[in-house]
Amino acid sequence: MTYKEARAFIDETTKYGYILGLETVTELLKRLGNPQDDLKFAHIAGTNGKGSILAYVSTILKEAGYKVGRYISPTIFEYRERIQVNEKYITEEAVARLAEQVQQAGKSMLAEGLSHPTCFEVETAMAFLYFKEMNCDIVVLETGMGGLTDATNVVKTTLVAAFASISMDHMGFLGETQEEIARIKAGIIKPNSIVVSAPQKPEVHRVLQDMCSSQNVEYREVEEEKITDICYGFEKQSFSYKGLKSLMPGLVGTCQIGNASVAVEVMEALKEQGFPVTEEELRRGLSKTIWVGRFTAVDKNPLFVVDGAHNRDAADRLLETLELYFPKKRKIFILGVLADKEYDYMVSRLAPLAERIITLMTPDNTRALPAEDLAKAIRRYNSRVEAADSLKDAVRRAESYAKEDDLILAFGSLSYLGDLVREVHLRKENI
């Protein structure tokens, strides 16, 4: 099987949908020798911030000399980004070889009258095979959706289960209340692990605490009162936490102080689980962390920033960040969203800030909301909105409206940001 054939096979499995549950992925991995049982995990769930926490933790571990697997979704720039070892993408050769193994296992399951694995289950199995093959010391694992019935939750050897902020998202799949969603996400908690969490709302805190008590697992939550000496800035930020002075996270945005604090707690828990790092390695890892799509500058003059805010909590954090960093800048927004997201709340909060808004339909996504439909929703809050014909057209329009001291901000679905960044760089090269 070639890489192209592997991608075609994986794309074909999207017809099986996104089915929550562990029965099929358990059977698939059993036929592949259960590679996940030979690995150790830091498993991360939550609504907003889990990718940033994963980036901090995996970069710190890499700086400490460990061989670290990363499994993430969605990706920004290319398919192979979702499976990494020490921040290097899985090779095309490995994708082809492992996809063929998974394909054979899937065929045998179908032949026996069993369900075929979904796309996410196929990719999860490939990731575990690759991480075992690469002899990873530890894998930092991001849930796809939820926790309890997410394909990643087939793992049994979790050392630390970490929770980013939990809020309302994917309600049709996970539940209609904070408590219901928190219970599903809390499903990643395993016996003999240590649980670390960002500060949570009282109802979420109770769910996590109760789940830990039932499993006889220690629960730790970031102590907000011990986050001190906070210095916000778009170029760099710093804070102190629990005696660690002047920590400098590599990611910007008001939420990143909290995310980095969770990472510090995760590293303390991993130290107790056999993965020590020095203070210098911790500091270096925090400062070297890169995570494109989280309030990331991709060009200057005018400043061009991309951010993956796509739900209520993320919209609030983005608004907070804009008001803190750029209260006086004229703002031109590019926005593309998925139709199944609560985009009306997001535009109600953010649209009034913009001098001009250009909407687009995110390319190659069946869940994408048409640009004109999004523009119509925005007109309730800001009349200076127009629908672009394409991503390229959206970038062209935004840059034509922006002056040198303005801010262009592209946000919404993560699914289009990689293509947008490429288009910005391409336009710059052709100037």
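The values are calculated or read from the model by the stated rules, or taken from the named source; none is laboratory data. Everything numeric in this text was worked out from a predicted model, so none of it was measured. Cβ placement follows ideal geometry from the backbone for every residue including glycine, while neighbour counts extend to all protein chains displayed.
What's the total number of residues in the range 270-324 that are part of a loop (DSSP other than H, G, I, E, B) and either crowded, with 17+ Cβ neighbours inside 10 Å or in contact with a Leu (Cβ under 9 Å, 6 or more places away or on another chain) (or both)?
Adding up the residues that qualify gives 17.
For Ile72, state whether it is touching a strand residue (DSSP E or B) at 6+ places or on another chain (Cβ under 8 Å), aliphatic (A, V, I, L, M) and more than 30 Å from Glu180 (Cβ to Cβ).
no
List, please: which pairs have Cβ atoms under 6 Å, are six or more places apart or on different chains, and start with a residue in the range 1-24 that is farther than 17 Å from Arg82 by Cβ and end with one that is among the hydrophobic types (A, V, I, L, M, F, W, C)?
So the pair list comes out as Met1/Ala96; Thr2/Ala96; Leu22/Val154.
Among Ala96, Ala64, Ala111, which is the only one that is buried (at least 20 other Cβ atoms within 10 Å of the Cβ) and either closer than 30 Å to Arg294 by Cβ or at pLDDT 95 or above (or both)?
When all the criteria are applied, what remains is Ala64.
Could we say that Thr278 is among the β-branched types (Val, Ile, Thr) and touching a strand residue (DSSP E or B) at 6+ places or on another chain (Cβ under 6 Å) here?
no
Can you work out which of the residues in the range 338-378 that are within 20 Å of Arg317 (Cβ to Cβ) and among the charged types (D, E, K, R) is nearest to the chain's Cα centre (by Cα)?
Lys341
Based on this model, can you work out whether Val204 counts as among the hydrophobic types (A, V, I, L, M, F, W, C), touching a Cys at 6+ places or on another chain (Cβ under 8 Å), closer than 17 Å to Ser165 by Cβ and buried (at least 16 other Cβ atoms within 10 Å of the Cβ)?
Here the answer is no, as Val204 does not meet what is asked.
So which of Lys376, Lys341, Lys331 is outside the structural domain of Pro74 (by TED's automatic domain parsing) and farther than 25 Å from Asn48 by Cα?
Of Lys376, Lys341, Lys331, the one residue that is outside the structural domain of Pro74 (by TED's automatic domain parsing) and farther than 25 Å from Asn48 by Cα is Lys376.
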